[in-house]
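Participant: Before we start, here is the structure in question, set down as structure tokens.
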Amino acid sequence: MKKSASTSPFHARNRHQGEYDFAALTAAHPPLAAKVRPNGYGVQSVDFADPEAVMLLNQALIKLFYDIDWQLAPGSLCPPVPGRADYLHYLADLLALDNNGAIPAADVLDVGCGANCIYPLIGAAEYGWRFTGTEIDEAAIKAANRIVSANPRLTRQIRLRRQKNSDAVLAGVVSKNEFFSAVMCNPPFHASAEEAASGSQRKVRNLGLDKSAPLNFGGQHNELWYPGGEKAFIGKMIAESVAFGRQIGWFTSLVSRKENLPALEKQLQTLDVAEVRVVNMAQGQKQSRFLAWSFMPAAQRSKLLSRLGN
């Protein structure tokens, strides 16, 4: 598979534009070299149906572009680094609107940071932001802490916090005296374990893999599914956000299924929100987006950014 600028129009500040430079990537992360070979077009690439190759490629990307050593725990979800970076860049644009067009210093809460801790790592390296990552799974928190500890320059920017209440999203992890510039979230996509397994099998068929191949390229149950799917999870987050509307500038969440937006926007209309935005992110043929809402008027958000930036 060939990755080119024409098929991957990421955000303008996204470092992952154009074709992969495998010479630079293998120099940054030598283990990747064993997986690089000419594809059907005679272009150097990797087999994207090989989970190990995908893992090594993403490790190389995060090392080359962010100078981060990233060792993912076995069985954890392996996120595509270029797409994950896009969310952060578009979030930076959103925050800049309340800061006279300049990307501000920020304190960001990442709901469900996972064992990969990808958003805090890239956000801290790219923008110098401070992150608090929350996670239900204790093993995932430990794995994420190992990654942070392996990158000492980021240890003062990233802290991780266990969400002990499996029925809560924000409640229990945000204290009444804490303030954040924004919340970000990549919610579980599927509505059940069965749906997640079906989606994995579909991926296997589409990639032409044997049925015994590893599914999902990693991923624990809480990373992949939630009762009611992403619509229920984001709906829970919206309901809980009311209690923290004076402490958090923007609440945001990825919405993978566009058809879920109307119900979520309708839910927000029942609340005393000051602003709602849908931020579209085009990545080649894949369309993604995040939903953003705030209980603060722009002037109040601007004051919050100024306060947190000092």
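Results for (1) touching a Lys or Arg at 6+ places or on another chain (Cβ under 9 Å); (2) aliphatic (A, V, I, L, M), shown as yes or no for each residue.
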| residue | (1), (2) |
| --- | --- |
| 29 | yes, no |
| 36 | no, yes |
| 42 | no, no |
| 45 | yes, no |
| 56 | yes, yes |
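Participant: Does segment 288-295 include one or more residues that are surrounded by fewer than 18 Cβ atoms within 10 Å (Cβ to Cβ), without any contact (Cβ under 8 Å) to a residue 24 or more places away in the chain and farther than 20 Å from residue 129 by Cβ?
Facilitator: No, segment 288-295 contains no residue that is surrounded by fewer than 18 Cβ atoms within 10 Å (Cβ to Cβ), without any contact (Cβ under 8 Å) to a residue 24 or more places away in the chain and farther than 20 Å from residue 129 by Cβ.
Participant: Read through the list (1) surrounded by fewer than 18 Cβ atoms within 10 Å (Cβ to Cβ); (2) at pLDDT 90 or above; (3) hydrophobic (A, V, I, L, M, F, W, C), then give the number of the only condition that residue 209 fails.
Facilitator: Unmet for residue 209, out of (1) surrounded by fewer than 18 Cβ atoms within 10 Å (Cβ to Cβ); (2) at pLDDT 90 or above; (3) hydrophobic (A, V, I, L, M, F, W, C): (2).
Participant: Identify the residue in segment 73-91 that is among the hydrophobic types (A, V, I, L, M, F, W, C) and either modelled with pLDDT of 95 or more or under 15 Å from the mean Cα position of the chain (by Cα) (or both) and, among all such residues, is most open to solvent (accessible area, probe 1.4 Å).
Facilitator: 77
Participant: I would also like to ask the following. Quickly run through segment 72-113 and pick out the residues that are farther than 28 Å from residue 300 by Cβ and in a helix (DSSP H, G or I).
Facilitator: Once the filter is applied, which keeps residues that are farther than 28 Å from residue 300 by Cβ and in a helix (DSSP H, G or I), segment 72-113 yields 81, 82, 83, 84, 85.
Participant: Of the conditions (1) in a loop (DSSP other than H, G, I, E, B); (2) in contact (Cβ under 8 Å) with a residue 24 or more places away in the chain; (3) open to solvent by 10 Å² or more (accessible area, probe 1.4 Å); (4) farther than 22 Å from residue 230 by Cβ, residue 47 clears all except one; give me its number.
Facilitator: Tallying (1) in a loop (DSSP other than H, G, I, E, B); (2) in contact (Cβ under 8 Å) with a residue 24 or more places away in the chain; (3) open to solvent by 10 Å² or more (accessible area, probe 1.4 Å); (4) farther than 22 Å from residue 230 by Cβ, residue 47 fails exactly one: (2).
Participant: Quick check: is even one residue across segment 218-239 in contact with a Ser or Thr (Cβ under 6 Å, 6 or more places away or on another chain), surrounded by 15 or more Cβ atoms within 10 Å (Cβ to Cβ), at pLDDT below 95 and more than 22 Å from residue 137 (Cβ to Cβ)?
Facilitator: No - not one qualifying residue is present in segment 218-239.
Participant: May I pose another question? Looking only at segment 243-282, which residues are at pLDDT below 95 and either surrounded by 15 or more Cβ atoms within 10 Å (Cβ to Cβ) or touching an Asp or Glu at 6+ places or on another chain (Cβ under 7 Å) (or both)?
Facilitator: Result: 256, 257, 281.
Participant: Which one is farthest from residue 95 (Cα to Cα) among residues in segment 114-147 that are among the β-branched types (Val, Ile, Thr) and either assigned to a loop (DSSP other than H, G, I, E, B) or in contact with a helix residue (DSSP H, G or I) (Cβ under 6 Å, 6 or more places away or on another chain) (or both)?
Facilitator: 136
Participant: OK, next. Applying the selection to segment 20-42, what residues are assigned to a loop (DSSP other than H, G, I, E, B) and loosely packed, with under 15 Cβ neighbours inside 10 Å?
Facilitator: Correct list: 21, 39, 40, 41, 42.
Participant: So which residues in segment 140-154 are open to solvent by 60 Å² or more (accessible area, probe 1.4 Å) and either under 19 Å from the mean Cα position of the chain (by Cα) or among the acidic types (Asp, Glu) (or both), if there are any at all?
Facilitator: Selection gives 142, 145, 146.
Participant: Same structure again: With respect to the numbered conditions (1) open to solvent by 50 Å² or more (accessible area, probe 1.4 Å); (2) more than 20 Å from residue 146 (Cβ to Cβ), which one is the sole condition not fulfilled by residue 63?
Facilitator: So the condition that residue 63 fails would be (2).
The values are calculated or read from the model by the stated rules, or taken from the named source; none is laboratory data. Bear in mind that the values here come from a model prediction, so they are computed numbers and not experimental data. Neighbour counts are summed over all protein chains in view; Cβ atoms, including those assigned to glycine, are modelled from backbone coordinates with ideal geometry. What goes into the accessible areas is simple: the full protein's heavy atoms, side chains included, and nothing from ligands, DNA or RNA. Shrake-Rupley method; radii C 1.70, N 1.55, O 1.52, S 1.80 Å.
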